[in-house]
1. Being touching a Leu at 6+ places or on another chain (Cβ under 9 Å) and buried (at least 23 other Cβ atoms within 10 Å of the Cβ) is the filter; apply it to segment 237-249 and report the residue that is nearest to PHE66 (Cα to Cα).
2. How many residues are crowded, with 16+ Cβ neighbours inside 10 Å and of a type in the set (D, E, K, R) when one looks only at segment 338-360?
3. Would you check which residues across segment 328-337 are touching a residue at least 12 places away in the same chain (Cβ under 8 Å) and surrounded by fewer than 21 Cβ atoms within 10 Å (Cβ to Cβ) and list them?
4. I'm trying to understand the selection: among the residues of segment 381-425, which are modelled with pLDDT under 90 and basic (Lys, Arg)?
5. Contact list please: Cβ distance under 6 Å, first residue in segment 248-277 and closer than 20 Å to ALA62 by Cα, second residue among the charged types (D, E, K, R), pairs at least six apart or on different chains.
6. Select from segment 199-229 the residues that are touching a residue at least 40 places away in the same chain (Cβ under 8 Å) and within 20 Å of MET78 (Cβ to Cβ) and list them in ascending order.
7. Hey, among MET43, MET54, MET111, which residue is in a loop (DSSP other than H, G, I, E, B), modelled with pLDDT under 75 and over 30 Å from LEU405 (Cβ atoms)?
Amino acid sequence: MTLASPFSISIVAMTILAFLGLPIGHAMIAGSIVYLWLAGLDMGTVAEQLLNGMYTNYIILAVPLFILAAELMNIGSMTERLLRFCNAIVGRFRGGLAQVNVLQSIIFAGMSGSAIADAAGTGKMMQIMMTADGKYRASYAAALTAATAVIGPIIPPSIPVILFALISDASIGYLFLGGVIPGLLMAGAQMLIVAWAAKRENFPYEKPTPLREIPGITWRALPTLMMPIVLLGGIYSGATTPTEAAAVAAAYALIISVLLYRSVSFRDFYTSVLASARTSASIGMLIAGALVFNYVVTVENIPESIKVLLHAWDLSPLGFLILVNVLLLLLGCLLEGTTILLVVVPVLIPTAKALGIDMVHFGIVVVVNIMLGLITPPYGLLLFVMTRIAEVPIRDIVRDVMPFLWAMIASLALITLFPDLVLWLPRLLGYQG
C-alpha cells in the first residue's frame with residue numbers, strides 16, 4: 001500500500017474531515033466514497049452496505065430502546081429511590097456516600113447499558129449529595145462518579161456488548177453473562193480504593209438509617225430493583241430476545257414512572273424521547289459509517305494482512321491479548337469508544353479466532369478496554385461530562401480518577417490472564433465455548 005493508494009487517500013480524507021469537525025460517522029462515509037471513486041468501484045455500494053447492515057441486523061434496535069429506558073429512569077423518581085436504598089445499605093460506613101456511589105452504579109448497570117446515561121443521571125444527584133456541606137471535594141466526587149459509570153456497560157445489559165455482537169456474530173446472551181463477574185470485580189476494586197481513601201482523608205460518616213426503616217425503603221425501591229430481574233430473566237428464560245428485552249425495559253421504566261410513581265409528565269416524556277432520538281441518531285450514524293468503511297477494509301484485505309503479520313510474530317493467544325490491551329488502551333486516550341469498537345476491533349477479530357481465543361472472553365476484554373478509555377486522559381468522554389456537571393477543572397478530576405483507573409487496569413489484567421472469570425457463568429448456563 002503506497003502513500004498515493006486509494007485506501008491511503010481515503011484515510012487522509014477521513015482524518016481531515018474529522019479534524020475539521022465533521023462527525024466521525026459522516027467522515028467515514030465520505031472517506032469510503034472517496035475510496036470507491038478512486039478504485040473505480042460501484043458508488044452504489046455505499047447505499048447497499050448501509051441498507052444491508054442497518055435493515056437486516058435487528059439487534060441494532062436494542063440500542064435506542066436501552067437508551068430510552070435509561071432516559072425514562074432518569075426523569076422519573078426511580079433513580080432517587082435507588083439512591084435511598086443504597087444509602088440505607090452502605091451509607092453508615094466511613095465514606096458511606098462514596099460507597100453508595102459505587103453500589104448504585106452496580107444496580108443501575110443492570111438497567112441502562114450506557115456509561116453516559118449513568119453519569120448524567122445518578123451522577124448529577126451523587127455530585128450534589130457528596131459535595132453538600134463540604135463533605136467531599138467536588139473533584140473527588142466527580143472522579144468517583146466517572147469511574148463508577150464505567151461499570152454500567154460491563155454488567156448487563158450493555159450497548160457496547162450489543163455492538164460487539166453485531167461485528168463478531170457472538171451470542172449476546174452469553175456476552176451479557178460474561179460481563180457479570182468482571183463488572184463486580186471492578187466494582188470491588190473501586191470499593192477498596194474508596195475504603196483506603198476514606199481512612200487516609202478521614203471521610204465523614206453518614207447518619208445511619210434506622211434498621212426499622214430499611215424494609216420500607218426497600219419496598220418503595222422494589223419496582224426499580226426488579227428491573228434487572230425482569231430484563232435478564234426474560235432473556236435467559238427464552239421468553240424474549242435481547243432486542244425484545246430492550247423494548248420490555250423501556251416499557252417497564254415508563255409504566256413504573258408514570259403509573260406507579262406518578263413522577264413523569266407528558267413534557268418530561270417528550271423531552272426524554274427527544275434526547276433518546278438524538279443520542280440514537282448519533283450512534284446510528286457511527287454504525288452506518290463503520291459498516292461502509294468496514295467494506296472498504298475488507299476489499300483491501302486488511303484483516304488478512306494483519307493476521308499474516310501477527311502470525312509472523314508468532315504470538316501466543318495471551319501475547320495477542322496483551323497486545324490488544326495495550327493498543328486499545330492507547331487508542332482510548334485519543335478516540336471515542338464506539339469508533340474503536342466498530343472500526344478497529346473488526347480488524348482484530350479474525351486473528352483472535354485464528355488463535356482460538358473465545359469470542360465471549362475476547363468481547364468482554366475489548367469492552368472493558370473501551371470503557372476504560374472513557375476515563376483515560378486526555379480525551380476521556382466521561383471526564384468532560386463530569387467537568388460540566390461538577391464545574392471543576394478537568395486536571396483536578398484526572399488527578400483524583402487515577403487510583404480508580406489503575407485499580408480497574410489491574411482488574412482488566414486479571415480477566416485477561418484468567419478467562420474463567422469471564423466464561424464461568426456462561427458455561428454454568430450452557431455455553432459450550
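1. By that ranking, first place goes to ALA246.
2. Result for segment 338-360: 1.
3. Correct list: LEU329, LEU331, CYS333, LEU334, LEU335, GLU336.
4. Within segment 381-425, ARG388, ARG395 qualify.
5. SER272/GLU71; ALA275/GLU71; SER276/GLU71
6. THR209, GLU213, ILE214, ILE217, THR218, ARG220, ALA221, PRO223, THR224, LEU225, MET227, PRO228
7. Of MET43, MET54, MET111, the one residue that is in a loop (DSSP other than H, G, I, E, B), modelled with pLDDT under 75 and over 30 Å from LEU405 (Cβ atoms) is MET43.
Residue-by-condition table, conditions (1) closer than 26 Å to ILE154 by Cβ; (2) modelled with pLDDT under 80; (3) touching a strand residue (DSSP E or B) at 6+ places or on another chain (Cβ under 9 Å); (4) open to solvent by less than 20 Å² (accessible area, probe 1.4 Å):
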site: ILE24; (1), (2), (3), (4): yes, yes, no, no
site: MET73; (1), (2), (3), (4): yes, yes, no, yes
site: ARG84; (1), (2), (3), (4): yes, no, no, no
site: SER105; (1), (2), (3), (4): yes, no, no, yes
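The values are calculated or read from the model by the stated rules, or taken from the named source; none is laboratory data. All of these numbers come straight from a predicted model, not from anything done at the bench. All Cβ positions, even for glycine, are placed from backbone atoms using ideal geometry, and neighbour counts span all protein chains on display. When the accessible area is computed, the model is the full protein with side chains, heavy atoms only, and any ligands, DNA or RNA have been set aside. Shrake-Rupley method; radii C 1.70, N 1.55, O 1.52, S 1.80 Å.
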